[in-house]
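Undergrad: Input: one structure, supplied below.
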Amino acid sequence: MLLSLHVRDMALIDQADVEFGEGLNILTGETGAGKSILIDAVNLGLGQKANRDMIRSGRESASVELLFSLSEEEERRIRDLEIEVEDGVLLIRRKISEKRSEIRVNDQAVTLSKLRKLTEELIDIHGQHEHQSLLREGEHLRILDSFLEKETGELRRRVSESCRRFREAEKLRKSLDMDEASRKRELDFLQFEIREIEEAEIREGEEESLLREVKRAQKRERIERALLEAKELLENAELSRAVGAVGEALSYDESLKDISDSLYDLESIAEDSIRELDHYLDRNTFDEEELHRAEERLDLIRRILMKYGGTEEKLREALSEKKEREALLTDYEERRREAEEAEERERAEFLSACEALSRARKAGALLLSERMRQEMQELGFLDLRFELSFSLLPEPGENGMDAAQFVLSLNPGEPLRPLTEVASGGELSRIMLSIKTVMAERDEIPTLIFDEIDSGISGRTAERVSEKLRKIARNHQVILITHLPQIAAKADRHFLIEKSVSEGKTRTGIRLLTEEGSILELSRLLSGGSTTEAALANARELKALAKRGEKG
């Protein structure tokens, strides 16, 4: 559940702090007050791409904070994504500036993609134009699959995995579909490449070792010059005289023992170092032929590596793949027969999984259609027929063999027709709300945000919509931006978004309304701006009816 939202220096907002509660959280305000800014702020906190235009004019950065309380299951999911959680809360901080964006979750830096993964099951936002998604191809089947997640989720995963195996088997069979001349040409080339790799006999780490050896040989003279200079400096340090001088002083003052011992150790180290330098210089002989052989070997290794992947690991993988392919082409007829059998076997399994998923979808579609009919009738679609019509895809894929679309009849005697041909914009909004109501019964996402999804409705329909939203709010936290008093009256918490002008600057603020403040705002919504005694009385009545509805 979303506990709070904090916004700073974003668009028209200097600073806004909102504490949400359970149930129905309603946000109202005059047109242009900045209601959409708060939705933009939430979206930003959930991982939406940042737009630098969001930063308030004259400010260097904007920031958003979202604080969530988590269920035990949500906590486990967040921890699985390697985010530490304490006391069951999740704090998301996101800061955007002209130069960079900073994201922290429970004080851990995260990427934008990880933020999206973390929040995808915490909030579902439904925009005022989202009903247009009902016109997109494939959306109706996606809604059905979401509705049937518990019943068909495992089946859909089986179909996807079976499709992958079938495509791999099909690809292998096609790769063996060749005439004898082509097979022989490819086999000859493979055997040449395998010989080339094996005869190179490249040992693990050999390139790096040779590179060091060649580099050392090429710089031999510079190394020798530097080491001779070091030896001379050590020999001229006269450490033995220093040891003797301090030793003489030690005979008169015992406190010099540590210094004497240190100098003695230093002399021993210097003598050892001189011996090691002599030993290295004796061994550092130069062999032009040996260097030439090393350079040639290094060139060979680099040529082979470049040709077959660039690294020793890629070279080993290439050799393994080529040997597998060689075996296939050597025992060609048998392997082709096996590939054909495997393809047929995987195809049969794939089609069987698709058919099982299709049956489960069609059975579940009956339940979804019935639930949709009930919800839509309560929203004013009285003489309604509603179904999900299925057809077969030209070729089954990772999501099965089905295409599906909602078909309906809104008037008696009319045939069923695709939703995209029947419903107007206002009707699409109500259909979408019906879908959200039905999905809320099964949806485990704790917080739902509706951005004026009730646009285009009024009167009795608005009252029905408010009841739907209250119904959803029994099992979910609902945050709703609305302009309808019938809906706003049902609020468990009512917030007012208002715009003001101070010192020549426009600012948007948000505050939680008291009972009386909510009544005043309802009267404004009822009267269209000015507050009258009649509007106040009407607002009080709406509030009273809403409370009686809660008790009922």
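Undergrad: Out of all the residues in the stretch 234-249, is one or more at positive phi, open to solvent by 70 Å² or more (accessible area, probe 1.4 Å) and without any contact (Cβ under 8 Å) to a residue 40 or more places away in the chain? Give the derivation first.
TA: So the first thing to find is which residues in the stretch 234-249 are at positive phi, and the list is 238.
Pick out the ones that are also open to solvent by 70 Å² or more (accessible area, probe 1.4 Å) and you get 238.
Retained after the next criterion (residues that are without any contact (Cβ under 8 Å) to a residue 40 or more places away in the chain): 238.
Yes, the stretch 234-249 has at least one match.
Conditions (1) open to solvent by less than 30 Å² (accessible area, probe 1.4 Å); (2) at pLDDT 85 or above; (3) closer than 22 Å to GLY153 by Cα, marked per residue:
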residue	(1), (2), (3)
PHE386	yes, yes, no
PRO394	no, yes, no
ASN399	no, yes, yes
PRO418	yes, yes, no
GLU421	no, no, no
MET432	yes, no, no
ILE435	yes, yes, yes
LYS468	yes, no, no
GLN477	yes, yes, no
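Undergrad: What about ALA363, is it without any contact (Cβ under 8 Å) to a residue 24 or more places away in the chain, of a type in the set (Gly, Ala, Ser) and closer than 24 Å to GLU151 by Cα? Spell out how you get there, then give the answer.
TA: Numbers: without any contact (Cβ under 8 Å) to a residue 24 or more places away in the chain: yes; of a type in the set (Gly, Ala, Ser): yes; closer than 24 Å to GLU151 by Cα: yes.
Spelling it out, ALA363 is indeed without any contact (Cβ under 8 Å) to a residue 24 or more places away in the chain, of a type in the set (Gly, Ala, Ser) and closer than 24 Å to GLU151 by Cα.
Undergrad: In the stretch 244-334, which helices (runs of 4 or more DSSP H) lie fully inside it and hold 2 or more residues that are among the hydroxyl-bearing types (Ser, Thr, Tyr) and more than 30 Å from GLU204 (Cβ to Cβ)? Full working, then the answer.
TA: Working: elements: 257-283, 288-307, 312-330.
Counting at least 2 such residues, we get 257-283.
Undergrad: In this structure, does ASP253 turn out to be without any contact (Cβ under 8 Å) to a residue 40 or more places away in the chain, open to solvent by 60 Å² or more (accessible area, probe 1.4 Å) and among the charged types (D, E, K, R)? If you could, list the steps in order and put the result at the bottom.
TA: Numbers: without any contact (Cβ under 8 Å) to a residue 40 or more places away in the chain: yes; open to solvent by 60 Å² or more (accessible area, probe 1.4 Å): yes; among the charged types (D, E, K, R): yes.
Taking the combined requirement at face value, the residue satisfies it.
Undergrad: Still on this structure: Among the residues that make up the stretch 90-106, is at least one of them assigned to a helix (DSSP H, G or I) and either under 26 Å from THR482 (Cβ atoms) or open to solvent by less than 20 Å² (accessible area, probe 1.4 Å) (or both)? Write out each step before concluding.
TA: Narrowing the stretch 90-106 to residues assigned to a helix (DSSP H, G or I): none.
There is no residue in the stretch 90-106 that is assigned to a helix (DSSP H, G or I) and either under 26 Å from THR482 (Cβ atoms) or open to solvent by less than 20 Å² (accessible area, probe 1.4 Å) (or both).
Undergrad: Can you tell me which residues in the stretch 74-89 are touching a residue at least 24 places away in the same chain (Cβ under 8 Å) and either open to solvent by less than 100 Å² (accessible area, probe 1.4 Å) or in a helix (DSSP H, G or I) (or both)?
TA: Residues satisfying the conditions are GLU74, ARG77, ILE78, LEU81, ILE83, VAL89.
Undergrad: When you go through (1) over 46 Å from the mean Cα position of the chain (by Cα); (2) open to solvent by less than 100 Å² (accessible area, probe 1.4 Å) one by one for GLU229, which number turns out not to apply?
TA: GLU229 satisfies every listed condition except (2).
Undergrad: Out of curiosity, is ARG165 in a helix (DSSP H, G or I) and open to solvent by less than 100 Å² (accessible area, probe 1.4 Å)? Outline the logic, then answer.
TA: Details: in a helix (DSSP H, G or I): yes; open to solvent by less than 100 Å² (accessible area, probe 1.4 Å): yes.
Considered against the rule, which asks whether it is in a helix (DSSP H, G or I) and open to solvent by less than 100 Å² (accessible area, probe 1.4 Å), ARG165 comes out as yes.
Undergrad: May I ask you to verify whether THR119 is hydroxyl-bearing (Ser, Thr, Tyr), open to solvent by less than 10 Å² (accessible area, probe 1.4 Å) and under 20 Å from the mean Cα position of the chain (by Cα)? I'd like the intermediate steps shown before the answer.
TA: Values: hydroxyl-bearing (Ser, Thr, Tyr): yes; open to solvent by less than 10 Å² (accessible area, probe 1.4 Å): yes; under 20 Å from the mean Cα position of the chain (by Cα): yes.
For THR119, the condition - hydroxyl-bearing (Ser, Thr, Tyr), open to solvent by less than 10 Å² (accessible area, probe 1.4 Å) and under 20 Å from the mean Cα position of the chain (by Cα) - is met.
Undergrad: For THR532, work out the one condition from (1) more than 30 Å from SER57 (Cβ to Cβ); (2) touching a strand residue (DSSP E or B) at 6+ places or on another chain (Cβ under 9 Å); (3) without any contact (Cβ under 8 Å) to a residue 24 or more places away in the chain it doesn't fulfil.
TA: Exception for THR532: condition (2).
Undergrad: For the stretch 189-209, enumerate the residues that are touching a residue at least 60 places away in the same chain (Cβ under 8 Å), open to solvent by 20 Å² or more (accessible area, probe 1.4 Å) and in a helix (DSSP H, G or I).
TA: Of everything in the stretch 189-209, those that are touching a residue at least 60 places away in the same chain (Cβ under 8 Å), open to solvent by 20 Å² or more (accessible area, probe 1.4 Å) and in a helix (DSSP H, G or I) turn out to be GLN191, GLU196, GLU198, GLU207.
Undergrad: Working only within the stretch 32-61, note down all residues that are touching a residue at least 24 places away in the same chain (Cβ under 8 Å), in a loop (DSSP other than H, G, I, E, B) and open to solvent by 50 Å² or more (accessible area, probe 1.4 Å).
TA: Matches in the stretch 32-61: LYS49, ARG59, GLU60.
Undergrad: Among (1) farther than 25 Å from ALA318 by Cα; (2) without any contact (Cβ under 8 Å) to a residue 40 or more places away in the chain; (3) of a type in the set (Gly, Ala, Ser); (4) in a helix (DSSP H, G or I), there is one condition ALA230 misses while meeting the rest; what is its number?
TA: ALA230 satisfies every listed condition except (2).
Undergrad: Hey, can you tell me all the residues within the stretch 312-350 that are under 30 Å from ARG156 (Cβ atoms), open to solvent by less than 60 Å² (accessible area, probe 1.4 Å) and in contact with a Ser or Thr (Cβ under 9 Å, 6 or more places away or on another chain)?
TA: Selection gives ALA339, GLU346, PHE350.
Undergrad: Could you identify the single residue in LEU148, LEU155, LEU176, LEU112 that is over 28 Å from ALA348 (Cβ atoms) and surrounded by 13 or more Cβ atoms within 10 Å (Cβ to Cβ)? Steps first, answer last, please.
TA: Details: LEU148 fails: over 28 Å from ALA348 (Cβ atoms); LEU155 fails: over 28 Å from ALA348 (Cβ atoms); LEU176 fails: over 28 Å from ALA348 (Cβ atoms).
Sole residue among the options that is over 28 Å from ALA348 (Cβ atoms) and surrounded by 13 or more Cβ atoms within 10 Å (Cβ to Cβ): LEU112.
The values are calculated or read from the model by the stated rules, or taken from the named source; none is laboratory data. Please read these numbers as outputs of a predicted model, since none were measured by experiment. Every residue, glycine as well, gets a Cβ built from its backbone with ideal geometry; the counts of neighbours run over all protein chains shown. Surface accessibility is based on the protein's heavy atoms, side chains included, excluding ligands, DNA and RNA. Shrake-Rupley method; radii C 1.70, N 1.55, O 1.52, S 1.80 Å.
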